[in-house]
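Scroll down for the structure; my scribbles are underneath it.
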Amino acid sequence: MTDLEDWLVEQRSRRGVGKAKRMDPSVPAAVWHEEELLDGEVVDTMAAVVRTGGCSHDRDHGGCTMCGYASETPHRPPTVDEYLSQVRALAARRGDARWVKLYTSGSMLDPDEVPPVVLEAIVEAFDDVDMLTVESRAEHITAERVRTLGDPSRTEVAIGLESACDRVLDGSVHKGMDLAAFQRAAAEVTGEGASVRTYVLLKPPFLTEAEAIDDSIEAIEAAASAGSSVVSLNPVNVQTFTLVDRLHHMREWEPPWLWSVVEVLRRTAGSVPSTTRVISAPTAGGKVRGAHNCGRCDGDVVRAIEFHRLSNDPEELDAVPDCGCRPMWRSQLDLEGLMQGPFAPFGYRRSSVR
Ligand code: SF4
Ligand SMILES: [Zn+2]
């Protein structure tokens, strides 16, 4: 066990204390509707977080450095009846959604987390949607499990790759997975004719802003090569009881700039094939604990990123305002590697006044 894993395992014991006891295992953790682009059309989509016993990697190895999902895990796993009650609740909330995305705080394809009978009930409940997305860690993905998800032409499996660099995956994200494991899992999904959605991080701990941009671009290109139809760029945000939270509190790490999100989207628009859609929907975008800029231009930039997500048109990114904070972002890219410690002196960005 590494020092990092030791620390994460120790932190895990503190996460969710008190809160977990109040969680009802028969009720989904969250349900919301959003818009998605399906075959060139913007469609109503229901997204939900199914409450489960939690992520195997978190339970066994302390989880990833940026992930606070353990605080959303109930004090005991749901029973099968409680899971089925969640499925009924989700079906009742679907409305007109043509796309259903079901997340867990772990892996839908891990039979120890989501019993196969529950997965069957989910597939049956949503067998008439145009697209069903479920997420899973790579090691739980097999061709056989993908086949249980039904018609592959309307099935998408979401996988967190995060970075294509094994050193970053290990020492920065603590993902418990390497690039080869992702490639194997993606091949299992595409081999069955289903689609792959890949999550890529922007700026996990210990990377400078410029390194983070390059790392994301490399990961997006690797995800595209592995046959992903969608790559979602997730700028790291601050979640409670995580290493990122601790580093942020110590002023040793800052969320990425929104300009960096735009930069990655722009550069990959020219470098990945059109069969892969690269998008971003920054969690807490424009807020101190999420990707943000100076505070004046954040709303406009977040809106441009959202328009780009739903139009798949890189020109939306050219509509972002030319704010005075942009040269500051550029100077951080140029200078941060030359300095020791984070290049965000007091007063430099909004988050420094927290
Ligand atoms: S990011 Fe995913 S794999 Fe990592 S601990 Fe969280 S749920 Fe598990
Ligand atoms: Zn600005």
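Numerical summary
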item: Å³ per residue enclosed by the Cα convex hull of the range 148-273; result: 113
item: Orphan Cys of the chain, criterion: no other Cys C-beta under 4.7 Å; result: Cys55, Cys165
item: Net dipole in debye of the chain [+1 Lys, Arg Cβ; -1 Asp, Glu Cβ; about Cα centre; nearest 20]; result: 1320
item: Alpha carbon centroid spacing (whole Å) that separates the range 258-280 from the range 106-132; result: 31
item: Taking N as its residue count, the alpha carbon Rg of the chain over 2.2 N^0.38 Å; result: 0.96
item: Distance cut-off 25 Å, percentage of C-alpha pairs in the range 47-181 lying past it; result: 27
item: Footprinting exposure proxy for Thr242, Thr45, Thr2 (fewest neighbouring C-beta atoms within 10 Å first); result: Thr2, Thr45, Thr242
item: Fraction of beta bridges assigned by DSSP in the chain that are antiparallel (%, nearest 5); result: 25
item: Helical mean residue ellipticity (222 nm; -39500 (n - 2.57) per DSSP H run of 4+; nearest 500) of the chain; result: -10000 deg cm²/dmol
item: Chain lengthening between Val42 and Ala92 when straightened (0.36 nm per residue, less Cα-Cα); result: 15.8 nm
item: Cleavage-rule hits, trypsin sites (Lys or Arg not before Pro), the range 1-70, DSSP coil, Cβ neighbours within 10 Å at most 16; result: Arg14, Lys19
item: Debye-sum result for the range 182-340 in log10 I(q)/I(0), which assumes one identical scatterer on each alpha carbon, at q = 0.10, 0.11, 0.12 Å⁻¹; result: -0.36, -0.44, -0.52
item: Those trypsin sites (Lys or Arg not before Pro) in the range 247-324 that DSSP places in a loop and that have at most 16 other beta carbons within 10 Å; result: Arg251, Arg296
item: Cβ-based charge dipole, the chain, positive-most Cα from Gly191, Val146, Val168; result: Val168
item: Chain lengthening between Arg246 and Ala269 when straightened (0.36 nm per residue, less Cα-Cα); result: 4.9 nm
item: Shape of the range 22-99, Cα gyration tensor, a/c cut at 1.5; result: oblate
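Coordinate-derived values only; no laboratory data. Quantities reported herein were computed from a predicted structural model and do not represent experimental measurements. Using ideal geometry, Cβ is built from the backbone for each residue, glycine included, and neighbour counts are taken over all protein chains shown.
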